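Please read the structure below before turning to the comments.
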Amino acid sequence: MGQKQHWEHVYTSKAADNVSWFQKHADQSLALIQSTGLSESAAVIDVGGGASVLVDDLLAAGFKDLTVLDISPAALEVAKQRLGNDANSIHWMVGDITEIVLPENRFDIWHDRAVFHFLTEPAARQAYVEQVMRVVRPNGHVIIATFAEDGPEKCSGLPVMRYCPETLHAEFGKAFHLVKHSKEVHHTPFGTEQQFVYCYCRKGED
């Protein structure tokens, strides 16, 4: 089963609030996005946003230029149904982040909670970083969250990579300045805990 088929099966067979990564509110992500100091007119992309409530929280905070990208149309449909008429103000995109063609220098803020750690092949990680380099504006902001070193070894039956702040930053290289990092204990709907690491970087001026 391919990646798209896998995630389509997940989102057509389970309720959005009955998956391990579900959050009622994306507090950590929202706080990091707001810490950039950019205005609500900043262009934000949520990579792998799917059914995530981050887009709801960003709308509530006043952000206006929002893009949500996911490999699963079913996941995006969950978010659209939840948002109702507000969904019309969001740019929805379906695609694999390592392959999709995105406009250059389009985004001020790149956010990804839990896509990057699924990229277990070096070539896929390189393609992801090259995508960030192309589409994030000079001096733009990049926020990535993955499983921490003591996090799960698998998610949704798939193997993942685990990172500390230093190894996660190293994947992106010297073109990105590590501004801050933090850990989060995510409480799943099943009563278990998952350790996440968040890295907030600034992209160089090219």
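The values are calculated or read from the model by the stated rules, or taken from the named source; none is laboratory data. Everything numeric in this text was worked out from a predicted model, so none of it was measured. Note that we place each Cβ from the backbone using ideal geometry, even for glycine, and neighbour counts take in every protein chain shown.
Against the conditions (1) free of Cβ contacts under 8 Å to residues at least 40 places away in the same chain; (2) closer than 29 Å to residue 157 by Cβ; (3) buried (at least 18 other Cβ atoms within 10 Å of the Cβ), residue 97 satisfies every one except (1). Summed over region 26-44, residues that are at pLDDT 95 or above and in contact with a Leu (Cβ under 6 Å, 6 or more places away or on another chain) total 2. In a residue-by-residue description of region 103-126, the property of being among the polar types (S, T, N, Q) and under 18 Å from residue 25 (Cα atoms) applies to no position.
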